[in-house]
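The values are calculated or read from the model by the stated rules, or taken from the named source; none is laboratory data. As the structure is a computational prediction, the values presented were derived from the model and not from experiment. Methodologically, a virtual Cβ is constructed for each residue, glycine included, from the backbone with ideal geometry; neighbour enumeration extends over all protein chains shown. When the accessible area is computed, the model is the full protein with side chains, heavy atoms only, and any ligands, DNA or RNA have been set aside. Shrake-Rupley method; radii C 1.70, N 1.55, O 1.52, S 1.80 Å.
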Amino acid sequence: MPSSCWIDQQTRESIILLSLLPRFTAKRLNVLHRKLHKPLASFLSLDHNSQLALGFDEEQIGLLRRYSQSHAFRLASNWHKPEQSQYVLTLHDSLYRSLLREIATPPIALFLKGNIQRIDEAQIAIVGSRNPTTSGKQLAEQFAGQLAALGITITSGLAMGVDACAHQGALDAGGNTLAVLGCGIDTVYPRRNKALYAKMIENDGLLVSEFMPNTPAQAYHFPRRNRIVSGLSLGTLVIEAAFKSGSLITARAALEQNREVFAVPGNVLNPTAA
């Protein structure tokens, strides 16, 4: 892959650091870049008043100093090793997926592992219950397999149930699949999907995470994860989802992103197909 696809390491580290700050969005990154009139990394060396003038608040300025010295930041900064199929993809990289740029709050940095070509392929997200019926599992595998056979990359969240069946269906069909994680890129969650995680890497799949390496899964991570699942995709297919479920968060995100949403009809008596 030509080196011109990537920004320089100093800029990458700066964006990783900024991604850790609360309330620091893609819009703020673009404004900062325009205001600086110099390399992005230079904001760290500015005095306190200059940082305030650029829109950083007191909390963010304090966190910048602390995070820049942290082990977690050093680990994240060293993740980008293309020769090992490990990448940090930022908003300033030309490889950043244009569809994902269009959403209201695109992640400013993503950690990836696997075949990076998957990120810019035509994708359909398949999501659904973590406890699907037997027919729900079969439908997830069948839809994923048939779409993958047509050259569509299957995107999901590597959760138990429908997510895992969708990834597996794509792999069984010899197709491509991409998983967006609700934890660090080097963390397998749930642990029961360890074999599937490894199989995706072995079969040219791609793992994607907005969270720093070594970050454990937390409940509040998954709504953030879901907007990326739908944001990468042309459309989202829902297979068995309860009224209050992460799958419907993904579906709502897809609608807000002006993407297609599809649903498989379910048994009217089945609460997981509500």
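First measure r as the distance between the Cβ atoms of R192 and H71, then evaluate 1/(1 + (r/R0)^6) with R0 = 35 Å and state the FRET efficiency to the nearest 0.05.
Details: r = 29 Å, r/R0 = 0.82.
My answer for the efficiency is 0.75.
Tell me, what % of the accessible area of the chain is carbon and sulfur with a 1.4 angstrom probe?
53
Please list, in order along the range 87-98, the HN-Hα scalar couplings obtained from phi with the Karplus expression 6.51 cos²θ - 1.76 cosθ + 1.60 (θ = phi - 60°), rounded to whole Hz, x for Gly and Pro.
These are the phi-based 3J(HN,Hα) values: 9, 10, 9, 10, 4, 8, 7, 5, 7, 4, 5, 4 Hz.
In the full protein assembly as shown, how much of R65 is accessible to a 1.4 Å probe, in Å² to the nearest 10?
It works out to around 100 Å².
Where Rh is the Kirkwood radius over the Cα pairs of the range 218-274, the temperature 25 °C and the viscosity 0.890 mPa s, what D in µm²/s does Stokes-Einstein return? Mind dumping the intermediate values first?
Values: Rh = 11.6 Å.
Rounded to a whole number, D works out at 212 µm²/s.
Taking 0.36 nm per intervening residue step and subtracting the Cα-Cα distance, what contour gain separates V31 from L95 on full extension? The partial results should precede the final answer.
Values: separation 64, 0.36 × 64 = 23.04 nm, distance 2.09 nm.
That works out to 20.9 nm of additional length.
Take the alpha carbon atoms of the range 76-91, find their center, do the same for the range 220-274, and report the distance between the two centers in whole angstrom.
So the two Cα centres are separated by 29 Å.
Stokes-Einstein diffusion coefficient for the range 180-274 at 10 °C in a medium of 1.306 mPa s, Rh from the Kirkwood formula over Cα pairs: what value in µm²/s? Walk me through the intermediate numbers first.
Numbers: Rh = 14.5 Å.
This corresponds to a translational diffusion coefficient of 109 µm²/s.
With r as the distance between the Cβ atoms of E121 and Q142 and R0 = 25 Å, compute the FRET efficiency 1/(1 + (r/R0)^6) and round to 0.05.
Working: r = 21 Å, r/R0 = 0.82.
FRET efficiency, Q142 to E121: 0.75.
Among I108, A149, Q123, pick out the residue whose Cα is farthest towards the positive end of the charge dipole of the range 106-202, where Lys and Arg carry +1 and Asp and Glu carry -1 on C-beta, about the Cα centre.
I108
Calculate the FRET efficiency for S135 and F243 from the Cβ-Cβ distance with a Förster distance of 22 Å, rounded to the nearest 0.05.
Efficiency for this residue pair is about 0.65.
In Å², what does the accessible area per residue of the chain work out to with a 1.4 Å probe? Write down the numbers at each step before the final one.
Numbers: 12820 Å² over 274 residues.
It amounts to 47 Å² per residue over the chain.
Can you tally the lysine pairs in the chain where the Cα-Cα distance is under 15 Å and the two residues are eight or more apart, or on different chains? Mind showing how you got there, number by number?
Numbers: K27/K35; K81/K113; K113/K194; K113/K199.
Going through the chain pair by pair, I get 4.
Could you check the spin-label model distance between N258 and E83? Points 7 Å from the Cα along Cα→Cβ, value in nm.
4.3
Considering all alpha-carbon pairs of the chain, what whole percent are spaced by more than 32 angstrom?
On the way: 9274 of 37401 pairs.
Tail of the P(r) past 32 Å holds 25 percent of the pairs.
Please get the size of the charge dipole for the range 147-262, origin at its Cα centre, with Cβ charges of +1 on Lys and Arg and -1 on Asp and Glu, quoted in debye to the nearest 20. Kindly include the intermediate steps, with their values, before the conclusion.
Values: 10 positive and 9 negative charges, 72 e Å.
It comes to approximately 340 debye.
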